[in-house]
Amino acid sequence: MTYDLNLRVWRGDASGGELTDYVVPVEEGEVVLDALHRLQATQTGDLAVRWNCKAGKCGSCSAEINGKPRLTCMTRLSIFEPGETVTVTPLRTFPVIRDLVTDVSYNYEKAKKVPTFSPEPRQADGTYRMQQEDVQRGQEFRKCIECFLCQSVCHVIRDHEENKEAFSGPRLFLRYAELQMHPLETNDHRDAAREESGVGMCNITKCCTEVCPEGIKITDNAIIPVKEHVVDRSYDPVVWLGRKIFRRSSDD
Amino acid sequence: MTTTGTEEPEPDRPNRANATASAVAEPADGPLSGGVKAPSRARIGWRTLRKDRYWLEPTLIVAGLSAWLLYGFVRVFMQDFYYVAEHHYLTPFYSPCTSTGCVEAAAHFGRFTPDHPLIPFAALSLPFLLLLRLTCYYYRKAYYRSFWMSPPACAVPDRHASYTGETRFPLILQNLHRYTFYIAVVIVLINTWDAILAFGGEDGFGVGLGNLVLLFNVVMLWLYTLSCHSCRHVFGGRLRHFSRHPVRYRWWTFVSKLNTRHMQYAWMSLGSLFLVDFYVMAVAAGWISDLRFF
C-alpha cells in the first residue's frame, strides 16, 4: 500500500541550515532510509545522506529521528502514527558536514588513545589458550558496529562540548572494558580508564544502552564494571591494603 | 583500458531548487553557544525534537521517591506502632531497635543509642540503608534523570552550565557504594532474623499474614541487595580468569542474572518496605487485627 509520508529533513551545513518539509510517497514495510532515498531520487538530488549496508550492520546511516538517535535503515515507518511528520536531523553531538552527514572523527581520535592489546607470550607450541568462560564477557562488546549513536546520545559531550577533551564516551568504554577483562591482557588499564577516558564523568543514566541498535548492555556490562575496576584501583582502601599485605593482584 | 558499448547519459538529478518543499520556522530562542547549539553542529532551533512523553518517567520517579521518602520520614520519627508484641512483628524501619526508648522485647541487640525525638530508634542501620540507595547505580540513574535532570531523558538537554560527573566532591563519594553494600548485607541478615523470630509469638509458634508480609519483604531485600552491581563485581566481576575461580564464577553468573532486574528489585523492595511497615503499624495501632493461619 502506497501512502504519502510527511518528511521533515534538516538541510544545510556548518554555516547554517533549516528544517524543510517534504511529502514523499512510501510503501508499507519501508524504513526511514527508504524514504530518504526516494526523496533524494525524486526531489532533492543533492541531499547528503551517509549509508552503506541497509541492514543495520555497518553503522553508517545514524541520524536523529524525531529527536532520538537511531539507524535510519532500522527504523520502520510503521512505528509512526498515520499522518505523523517524521523529522530527520543529523547527529547533534558532532560537527555537521552537510545535511544528514556529520564529522564523526572525534570517535576515531579517541580510539587512538585506547591502549593497545598486550597479550602474554605465546605458549611453547606457538598458540594462545583461553577458556570460553574467560573470554565470553568481551564477546558481547564485539557486536559494536560503531554507529556512534551511544556517543551522540551521551549528554556528557552532547550537552557539554568542553568535555570532549577529557571524555571518550560509551563506545570507547567498551574497549577499555574488554581490555581489562581479557584473560591474555598483561597491562592494567584502570588508570587509563580514569585519566585518559574520563569514565568518572559518566553518571550512568543509561541512554547509551537505550539507543544501542545491537542491544549491547553498555552501562551494566561495560561502564559500571570499568567504574568498579577504577574503584578497586583508586578508591577502595581495603583492596589497597589487601594488595599490600598479600602482595597479590586483585584481578587474577 | 577500453570500454565497449554506449554509456547511458546521467539522468537529470533533482536538487533543492526544483523540490517541492517548505522551510519550517524555528523557535525564537535562536542559536546559543553550548551543547547541541555549539557552533560546529547542525543549527537547529529546538533543543530537542522529541515528541513523545519523555517527561512522564522522570515525573513518576519524582512522585514515587518523594512519596516514599515522606512516608519513611514520618514513620521513622513517629517512634510508635513499630512492634506487635503479641506476634513479635518488628518493622524494618526500627530494626535493629537499639534506642533506650525501644520496647525491650523489640531490642534484639540491646538498647544503647540515645532516646531522642530526632534520633531514629534504628539509628545504626537507617543512615547506611539510605546511603546504599543513594549510591546505588540504579537510583543514581533515577535521580540524576528525574531530580537533577542531568539529563531528564535521552537526547533532551540537561540545561546545566557545566558538568563534571562523578569526578569531584561530593559525587566522587558514589565510589564508596560497595561499602554500603557490605553493611546492607549485615542489615538484611538482621531483618531476616527479625522475620524468623516473628514466627514465635507470645503463644508460641504461629503463622499469620504478618509473617508472610515480613518474609516477602526479606526476600525482596535480598534480591535487591544481591543484584547490586558492586556485589556482582566483588563476587567475580573483577577477575580476569573465571576458569581459575569456578565457585566465584558461579556466584558471578547467579548475581549477573539477578542484576538484569536490579531496577525492578529496587522498586519492589521499596514497595515491600512500605507494605510491611504499614501492616505492622496498622496491627500495632489496633486498626486491623492480624489474620492468623495457625
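Quick look at the numbers
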read-out	value
By accessible area with a 1.4 Å probe, ligands and nucleic acids excluded, highest first: order of A:Glu196, A:Glu161, A:Glu214	A:Glu196, A:Glu161, A:Glu214
Free-standing Cys residues across chain B, given no other cysteine C-beta under 4.7 angstrom	B:Cys136
Residue-level accessible surface for B:Ile44, protein heavy atoms, 1.4 Å, Å²	10 Å²
Reduction of at least 20 Å² in accessible surface, 1.4 Å probe, comparing all protein chains with the chain by itself, residues of the range A:166-191	A:Gln180, A:Pro183
Share of carbon and sulfur in the accessible heavy-atom surface of chain A [1.4 Å probe, %]	49 percent
Selection from B:Ser243, B:Tyr163, A:Leu19, by position along the positive dipole direction of the protein assembly as shown (Cβ)	B:Ser243
Rounded to the nearest 10 Å², the accessible area of A:Lys244 at probe 1.4 Å	120 Å²
Check: the range B:80-189 dipole with +1 on Lys, Arg Cβ and -1 on Asp, Glu Cβ, in debye	620 debye
Listed residues B:Pro151, B:Pro120, B:Pro246, most fluctuating in chain B (Gaussian network, C-alpha, under 10 Å)	B:Pro246
Heavy-atom accessible area ranking, 1.4 Å probe, most first, across B:Ile172, A:Ile218	B:Ile172, A:Ile218
Per residue accessible area in Å² of the protein assembly as shown, where ligands, DNA and RNA are left out and the probe is 1.4 Å	47 Å²
Burial of 40 Å² or greater, the range A:71-97 residues [accessible area, probe 1.4 Å, versus chain by itself]	A:Arg92
Computed [θ] at 222 nm, helices only, for chain B once each DSSP H run of length n ≥ 4 contributes -39500 (n - 2.57)	-14000 deg cm²/dmol
Cα gyration tensor shape for chain A, rounded if a/c is under 1.5, else prolate or oblate	prolate
Accessible area of B:Ile288 in the full protein assembly, 1.4 Å probe (Å², nearest 10)	80 Å²
Between the range A:38-80 and the range A:146-188, the Cα center-to-center distance that results, in Å	25 Å
At least 24 Å along the helix axis (C-alpha) and Kyte average at least 1.6, DSSP helices within chain A	none
Estimated vicinal HN-Hα couplings, Hz - the range A:201-217 in sequence order (Karplus 6.51, -1.76, 1.60; Gly, Pro = x)	7, 5, 10, 6, 8, 6, 5, 4, 5, 4, 9, 5, x, 8, x, 6, 7
For the range A:92-160, size of Cβ-based charge dipole, Lys and Arg +1, Asp and Glu -1, in debye	140 debye
Protection proxy ranking of B:257-269, A:112-124 - average other beta-carbon atoms within 10 Å, highest first	B:257-269, A:112-124
Order of exposure, largest accessible area first, which applies to B:Asp80, A:Asp4 with probe 1.4 Å	A:Asp4, B:Asp80
Chains B and A, summed buried accessible surface - 1.4 Å probe, Å², nearest 100	6500 Å²
J(HN,Hα) series, the range A:2-16, from Karplus relation 6.51 cos²θ - 1.76 cosθ + 1.60, nearest Hz, glycine and proline x	9, 8, 8, 9, 7, 10, 10, 10, 7, 10, x, 8, 5, 7, x
Over chain A: helical MRE at 222 nm, DSSP H runs n ≥ 4 each giving -39500 (n - 2.57), nearest 500	-8000 deg cm²/dmol
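The values are calculated or read from the model by the stated rules, or taken from the named source; none is laboratory data. It should be emphasised that the depicted structure is a prediction, and the values quoted were computed from it without experimental measurement. Backbone-built Cβ (ideal geometry, glycine too); neighbour counts: all protein chains shown. In case anyone asks, the SASA skips ligands and DNA or RNA and just uses the protein heavy atoms, side chains included. Shrake-Rupley method; radii C 1.70, N 1.55, O 1.52, S 1.80 Å.
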